[in-house]
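The values are calculated or read from the model by the stated rules, or taken from the named source; none is laboratory data. Just so you know, these numbers come straight off a predicted model, no measurement behind them. Here the Cβ is made from the backbone with ideal geometry for all residues, glycine too, and neighbour counts use every protein chain on show.
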Amino acid sequence: MLSRSLLLSIIVSWWIAAVGVCADEKPVAGKGKGKGKPHTSVVLILIDDLGWSDLGCYGSEYYRTPNIDALARGGVKFTDGYAACNVCSPTRAAILSGKYPARLLLTQWLPSGRWDATKNRMREARYLSNLPLEEITVAEAMREAGYRTAFMGKWHLGTETYYYPEHQGFDLNVAGRDYGAPGSYFYPFEGKWRIPTTGKVLEKKSPLDGKAGDYLVDRLAEEAEKFIVSSKDAPFFLMLSHYAVHSPLQGKPGKVTEYEAVPAEQQQGKPHYAAMVESVDESVGRVMRTLQRLNLDKDTLVIFTSDNGGFAKATDNSPLRANKGSNYEGGIRVPVLMHWPGRIAAGTICKEPVISNDFYPTILDATGVESKPFQHLDGMSLMPLLSGDGEFARDALYWHYPHYNQHPQSFPSGVIRDGDWKLIENFETGELQLFNL
């Protein structure tokens, strides 16, 4: 095995500015340097635990995702999109702040301490239990610029109500709570969860209202449609952050039956999970049709992504290695799609590595809102990649996860990706692994 010093010298030699190359990209109308049209609206759709290979546009032949696939065909698909962390809360904090989780000191999912730590060989690093109110979130930046702002779905960034979305720049908060998963996806969306390693039972109350027969994914889509309609005459920023496809795995019965009929050897994931993915896809279709019906689609940047890789007990992340909770590719590489007719050339495939922190400066750049470089320190605007105009260059991407979790192939580790090279350090053993991706 190569020595540590040799491996480090190899990776350091690749720390050069990376110039983005987007295949089949065509010049599109714009203002140069990627500056967008004032009053452009933004819809950011964040899915929970959706794996990189769980969409038709990323190669799945099992999951039915026609609406998300249409989003990819009509815009740009990033082949090497990354979540800022292999678990949920840190990635969400990175999206909202434009900073790496390590800079925020928010490097683990919230709340913690739920799992058996008796086998840990190291003491875990300390971390914050909330997204600090001192951070100027992307929602606060947009609201300051005159945008209506709304958050819908999973928040999971603070246990106290004063850390909820309405205190972090969102005019409207629908279902954003402290917990990371609902008690149930069926009305009244309540339930109990028993922590496997401690036996403690958590009560999860309903995050929003509804009626008998309602499905949580559909209710959030309905609220998103209402907000778009009510905001049609003014610019808006909507963050639709689905609880799905996180456990509990509860799909609509009719869809579950259809996936159960697929031969076992052709099933990429559990039928309940597949049904949930399809429901999420339908919610994306509802949002897009609402934008089109109101003639807002050409003035709206839509961003679609996931907070981490797929859950090992729900889906198969092949050809990527490992799963949620791991710093191997299956834990951090995620779908990233962007759609903006007339500004992003349809059918664009971009191979440049991008990460959750990039959305904040991209949104400001696309809408013409004043940049906040002191805030989004670790993100870069992707507008040069989207417009084909201007240079995109950065040194590398970084991950710092000094923690343990219950997921397979997880260990405290740090990661550097520079160009095609990826270096992982195992904090327990000191072992270095170098990959050419």
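Overview of results
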{"item": "Members of segment 91-102 that are in contact with an Asp or Glu (Cβ under 6 Å, 6 or more places away or on another chain) and under 17 Å from residue 125 (Cα atoms)", "result": "100"}
{"item": "Members of segment 53-81 found to be more than 22 Å from residue 322 (Cβ to Cβ) and assigned to a strand (DSSP E or B), listed by number", "result": "76, 77"}
{"item": "Residues that are crowded, with 21+ Cβ neighbours inside 10 Å and free of Cβ contacts under 8 Å to residues at least 40 places away in the same chain, drawn from segment 273-314", "result": "275"}
{"item": "Positions within segment 389-437 being surrounded by fewer than 15 Cβ atoms within 10 Å (Cβ to Cβ), modelled with pLDDT under 95 and outside any loop (DSSP other than H, G, I, E, B), in sequence order", "result": "393"}
{"item": "Tally of residues being farther than 24 Å from residue 397 by Cα and either crowded, with 24+ Cβ neighbours inside 10 Å or under 16 Å from the mean Cα position of the chain (by Cα) (or both) across segment 315-338", "result": "1"}
{"item": "Condition check for residue 363: aliphatic (A, V, I, L, M), at pLDDT 95 or above and either buried (at least 21 other Cβ atoms within 10 Å of the Cβ) or out of contact with any Lys or Arg (no Cβ under 6 Å at 6 or more places or on another chain) (or both)", "result": "yes"}
{"item": "Subset of segment 82-118 that is in a loop (DSSP other than H, G, I, E, B), modelled with pLDDT of 95 or more and polar (S, T, N, Q) - its residue that is surrounded by the fewest Cβ atoms within 10 Å (Cβ to Cβ)", "result": "107"}
{"item": "So residue 379, is it within 24 Å of residue 325 (Cα to Cα) and part of a loop (DSSP other than H, G, I, E, B)", "result": "yes"}
{"item": "Residue pairs meeting the criteria (Cβ under 7 Å; at least 6 apart or on separate chains; first closer than 14 Å to residue 349 by Cα, in segment 373-387; second among the β-branched types (Val, Ile, Thr) and outside any loop (DSSP other than H, G, I, E, B))", "result": "382/354; 382/362; 386/76"}
{"item": "Among (1) within 13 Å of residue 330 (Cα to Cα); (2) surrounded by fewer than 24 Cβ atoms within 10 Å (Cβ to Cβ) - the single one residue 70 does not satisfy", "result": "(1)"}
{"item": "Per-region count, segment 221-234, residues assigned to a helix (DSSP H, G or I) and either charged (D, E, K, R) or surrounded by fewer than 17 Cβ atoms within 10 Å (Cβ to Cβ) (or both)", "result": "6"}
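Conditions tested, residue by residue: (1) touching a strand residue (DSSP E or B) at 6+ places or on another chain (Cβ under 9 Å); (2) farther than 17 Å from residue 363 by Cα; (3) at pLDDT 95 or above; (4) hydrophobic (A, V, I, L, M, F, W, C).
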residue	(1), (2), (3), (4)
43	yes, no, yes, yes
46	yes, no, yes, yes
57	yes, yes, yes, yes
63	yes, yes, yes, no
69	no, yes, yes, no
